[in-house]
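The values are calculated or read from the model by the stated rules, or taken from the named source; none is laboratory data. This structure is a prediction, so every number in the text was calculated from the model and none was measured. Here Cβ is always computed from backbone atoms with ideal geometry, including for glycine, and neighbour counts include all displayed protein chains.
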Amino acid sequence: MLIGAHVSTAGGVEKAVDRAAGIGAECMQIFASSPRGWAFKPVSDASAKAFRAGAKKANLGPTLLHAIYLVGIGAPDEAMLGKSVESLTAHLRTAEQLGALGLCFHPASHRGLGLDAVFDQFVGAARQVLKDAPGEALLMIENSAGSGDHIGSKFEDIGRIIKAIKSPRVAVTLDTQHTWAAGYNLADSSGLATALADFDKHIGLKLLRAVHANDSTKELGSAVDRHDNIGEGLIGRAGFLNIMRHKAFHDVPFYLEVPGFEGEGPDRKNVDILKAIRTEAGVKV
């Protein structure tokens with residue numbers, strides 16, 4: 001259970017290493033391009049080499065790439081679908097180039113049609129991405145909070161998608177805030193047990209490969225995606241202690257996506273809080 005954080009790649013991906021180490025992170029998540037635009041500039045071999053060497057020297061654990069926010073392989077729009085597949089492919093290739101664990105992406109919206117209507121399209125698109133970006137890097141589905149027409153707030157739906165894709169390179173990133181917002185009470189021991197039993201039944205705990213560690217400004221079952229700093233939200237410090245004590249998370253890296261106590265994103269204070277909770281939970285590093 002390594003404690004990491006999302007950090008900036010401004011100035012080149014290799015710059016992220018010092019930013020992660022500077023806040024005490026043990027692993028990191030990054031964007032390979034602006035998350036709010038389709039433009040993608042490939043990472044140079046020199047930058048990738050410097051990144052890998054820097055991460056090794058700093059003794060950082062697995063890197064997780066995050067896809068841009070615009071992708072939607074379940075959207076009933078040919079242009080959107082094409083751009084989404086192209087973007088995911090480029091970023092998954094970059095994950096492989098950087099030696100990353102994988103590429104995390106939001107399932108996004110079915111635009112009111114329902115999952116059944118776009119299911120085959122979603123699965124086919126994911127298969128195409130994996131085919132066009134060969135290697136070992138994982139394509140990782142992130143569970144959603146459930147607002148609007150977003151796909152993936154129910155573990156049953158994610159499991160159904162993964163089974164249909166039929167690839168050993170597909171896994172899951174569990175976002176604590178999204179899970180809470182979707183109605184799974186991770187802060188309560190019985191609620192956590194129920195949630196993980198449901199996850200194991202439909203997906204399989206072996207496919208839980210990363211955690212986005214985020215507290216929540218919104219109430220349980222709100223379906224609203226609003227992150228808070230660890231211990232400042234409604235999951236609370238006790239909730240994260242409950243999560244980190246569970247053996248299902250003991251070998252899974254945690255990546256902070258919090259606003260930060262100074263409003264500038266994941267910071268040392270949040271990292272230190274999670275590390276302290278990990279110690280209290282008795283988890284060995």
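Could you check the stretch 54-72 and list, in sequence order, the residues that are among the hydrophobic types (A, V, I, L, M, F, W, C) and under 19 Å from Thr89 (Cβ atoms)?
Taking the stretch 54-72 and keeping what is among the hydrophobic types (A, V, I, L, M, F, W, C), we get 55, 58, 60, 64-65, 67-68, 70-71.
Hits for the stretch 54-72 are Leu64, Leu65, Ala67, Ile68, Leu70, Val71.
Can you name the residue in the stretch 1-23 that is more than 19 Å from the chain's Cα centre (by Cα) and more than 16 Å from Glu264 (Cα to Cα) and, of all such residues, is surrounded by the most Cβ atoms within 10 Å (Cβ to Cβ)? Checked the stretch 1-23; the qualifying residue surrounded by the most Cβ atoms within 10 Å (Cβ to Cβ) is Glu14.
For (1) of a type in the set (Phe, Trp, Tyr); (2) over 17 Å from His150 (Cβ atoms); (3) crowded, with 24+ Cβ neighbours inside 10 Å; (4) in contact with a helix residue (DSSP H, G or I) (Cβ under 8 Å, 6 or more places away or on another chain), each residue gets a yes or a no:
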{"position": "Ala58", "(1), (2), (3), (4)": "no, yes, no, yes"}
{"position": "His66", "(1), (2), (3), (4)": "no, no, no, no"}
{"position": "Glu86", "(1), (2), (3), (4)": "no, yes, no, no"}
{"position": "His91", "(1), (2), (3), (4)": "no, yes, yes, no"}
{"position": "Glu96", "(1), (2), (3), (4)": "no, yes, no, no"}
{"position": "Cys104", "(1), (2), (3), (4)": "no, no, yes, no"}
{"position": "His110", "(1), (2), (3), (4)": "no, no, no, yes"}
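For the stretch 167-208, residues that are surrounded by fewer than 21 Cβ atoms within 10 Å (Cβ to Cβ), under 19 Å from Met140 (Cβ atoms) and in contact with a Gly (Cβ under 7 Å, 6 or more places away or on another chain) total 1.
Conditions (1) closer than 17 Å to Leu60 by Cα; (2) part of a loop (DSSP other than H, G, I, E, B); (3) touching a residue at least 24 places away in the same chain (Cβ under 8 Å), marked per residue:
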residue	(1), (2), (3)
Asp251	yes, yes, yes
Tyr255	yes, no, yes
Val258	no, yes, yes
Ile277	no, no, yes
Val285	yes, yes, yes
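The single residue among Ala100, Ala137, Ala126 that is in contact with a strand residue (DSSP E or B) (Cβ under 9 Å, 6 or more places away or on another chain) and within 15 Å of Val85 (Cα to Cα) turns out to be Ala126. Quick check on Pro35: is it touching a residue at least 24 places away in the same chain (Cβ under 8 Å), buried (at least 16 other Cβ atoms within 10 Å of the Cβ) and in contact with a Leu (Cβ under 9 Å, 6 or more places away or on another chain)? So Pro35 does not fit the description; no. Within the stretch 253-282, the set of residues being hydrophobic (A, V, I, L, M, F, W, C) and either at pLDDT below 95 or buried (at least 17 other Cβ atoms within 10 Å of the Cβ) (or both) comprises Phe254, Leu256, Val258, Val271, Ile273, Leu274, Ile277, Ala281. Only residues that are of a type in the set (A, V, I, L, M) and under 16 Å from Val7 (Cα atoms) were counted across the stretch 28-47, and they come to 3.
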